[in-house]
Amino acid sequence: MDLLATPALRTEVLVVGAGAVGAILALELAHHNVACIVVERAVTGPRHPGLDFLAGRSMELLRRLGLTELIREHGVSPDHPTGLEWSQGLDDPPILVSPGGPAGVESDDGGGPAESHQLVSGAQLAKQLRDAVRRHPLVDLREGWTFTGMRVEPDGAVAELVEVGSGDRHFVEARHVAGCDGAHSTVRRCLEVPMEQLAAPARHCSVYFRNEDLTRRFARRGLSTVIVGGVALVARGDHDTWVGHLGLAPDEPITTDPVAMLRAMLGVRLDATEVLGVTQWDDSLAVATTYQRGPAYLVGEAAHRFHPVTDSADISIGDAIDLGWKLAAVINGWGGPGLLASYELERRPRALIDREMLARSLETRRRFSRLAKAGATRELLAEVLQQEPHLLGTAGVQVGDRLASSVIWADDRPQWPGPDEAPPTIAPGGRPPAVRLADGSQLFDRLGLELTLVDLTDDDAGRPLVDAARERGIPMAHLVTTDPAVRARWDHPLVLVRPDQHVAWRSGAAPDDWDTVLDLVTGRKTT
């Protein structure tokens, strides 16, 4: 890279990619009053129709940024079908049906999210979030600019950008670079970070099409996903659009007539089918070997390649929120180097867990197809499926959201209950219960912008702790509440909550080593 010219632009954070993930990262930074530059080559949306699944937890995180109403306005109706059916043929009676339920908002114990899940067109999600970025005064969006390379320096990086229309080159000095540029990430290539595959990839073909008959047969019965032998049919949410995911043999060619291939695998005729597009992909389920090299970070699909095995956007949203508030904390002066180091420690294990669960779901489908082709009885197929705890559609699986991290305080007390004990509601690294207060408001909505000490004591015991933190330049809100619902569900009277609503520390009384706690949770000194 020719860097003889003086860089024309300087920024604390350069975000590469203005899709949904890059936009969320930029808005998270701006939420903490940090400006950034965002570059995006392509302004158009994806070629094929698709829906992203945003779980209640993701919507809960986006609620902090004021984005939930915008997303729901452009999302799929909450009446969209969510059921899953397994059958040997489209004209055969189902072997097993997992009916979809209503999107739960709250639970009696506060374990449920404060928001319900949402399905939204991936193209609409990216467009609306990019519009929000475009409007924000702290975000400098450079559309039609391509990231082509960078050089790491002692205090940051110098990135080279090219304007697509004119071919003009620009250089940006950035303290941090966030690669949100997708599965074929240029940032990842520049960092020379390899992707680690779980196993040898299997080939697939996805046929995007419109068919009213399938909608009449299945979507109107509340089904969004139908597993038929070796084909997964998924409703896309509007205008009778579907996608058929077909597993291919290693030497099986993709024909010039994808509908014929789909009909052959389904064993039925699909009348009046309009093909919208065809893609090839593999299910290698790859995760980057590292999420950070020096001042540069990988976020979303740049760090893990799971699509189109799953339509869940949750892991990518979690990446953007996690890195965003930590970058802001360091830039704003209260976060130490251990905070940024914890990004990979918290997010990569999450990707590895999701990868294992997705691999299990794919193997369940393959097993079902093999047994069906081998002539297994309906009763045997149903029994095999019932052995699986998760019968997955395309939205993936939600498992625990508890973090293990170098910046989360874990004391010597048992973190996991014995066989006859109830699990704690407040655990280090966990998400505390979301509680609706007596006045109808959500407790989560009262948490501060940065750290918040939730104080349920009778003697304002948290006040000296908050004062001590502020004296050290650590922004900490003091949320005192006597609300009976909170006291009934939060089993510790002093709880330190991070900006991403995870518990950083909790105790039954004010500690003697508060400075040590602060050093650890802010990343100034880790164990």
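Quick note: the coordinates plus some simple rules give every number you see, no bench work behind them. Treat the numbers as computed from the prediction; the structure is a model and nothing was measured. Here Cβ is always computed from backbone atoms with ideal geometry, including for glycine, and neighbour counts include all displayed protein chains.
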Would you tally the net charge around L61, using a Cβ to Cβ cut-off of less than 12 Å, leaving L61 out, and scoring K and R as +1, D and E as -1? -3
For the stretch 125-149 and the stretch 179-229, what is the separation of their Cα centres, given in Å? 25
Per-residue HN-Hα couplings for the stretch 472-482, Karplus 6.51 cos²θ - 1.76 cosθ + 1.60 at θ = phi - 60°, whole Hz, x for Gly and Pro? 8, x, 9, x, 9, 7, 10, 9, 9, 9, 10
Under the Karplus relation 6.51 cos²θ - 1.76 cosθ + 1.60, θ = phi - 60°, what is the ordered set of whole-Hz ³J(HN,Hα) values for the stretch 212-221, x standing for Gly and Pro? 5, 4, 5, 4, 5, 6, 10, 4, 6, 9
What's the ranking of 317-329, 120-132, 193-205 by average number of surrounding C-beta atoms within 10 Å, highest first? 317-329, 120-132, 193-205
With both partners inside the chain, how many of the DSSP beta bridges are antiparallel, as a percent to the nearest 5? 70
Per 0.36 nm of contour for each residue apart, how much would the distance between E153 and A404 grow if the chain were fully extended, relative to their Cα-Cα spacing? 87.3 nm
Helix-derived [θ] at 222 nm for the chain: sum -39500 (n - 2.57) over DSSP H runs of at least 4, divide by residue count, nearest 500? -8500 deg cm²/dmol
D282-R135 FRET efficiency (beta carbon distance; Förster radius 56 Å; 0.05 resolution): 0.90
For Rg and Dmax of the Cα atoms in Å, the choices are (1) 22.6, 70; (2) 23.2, 79; (3) 24.5, 75; which was calculated from the structure? (3)
Global form of the stretch 114-185, assessed from the alpha-carbon gyration tensor, a/c cut-off 1.5: prolate
Spin-label point model (7 Å from Cα, Cβ direction): what's the R370 to H170 distance in nm? 5.3
Expressed in nm to one decimal, what extension gain is obtained for the pair D79 and E379 from 0.36 nm per residue of sequence separation less their Cα-Cα distance? 104.8 nm
In whole Hz, with x marking every Gly and Pro, tabulate ³J(HN,Hα) for the stretch 503-518 from phi via Karplus 6.51 cos²θ - 1.76 cosθ + 1.60, θ = phi - 60°. 6, 8, 6, 8, 7, x, 7, 4, x, 7, 10, 4, 4, 5, 4, 5
Please compute the modelled spin-label separation between A341 and A485, points set 7 Å along Cα→Cβ, answer in nm with one decimal. 4.1
What is the set of long-range amide H partners of V38 at a cut-off below 5 Å, with H atoms built 1.01 Å from backbone N? V15, D140, L141, R142
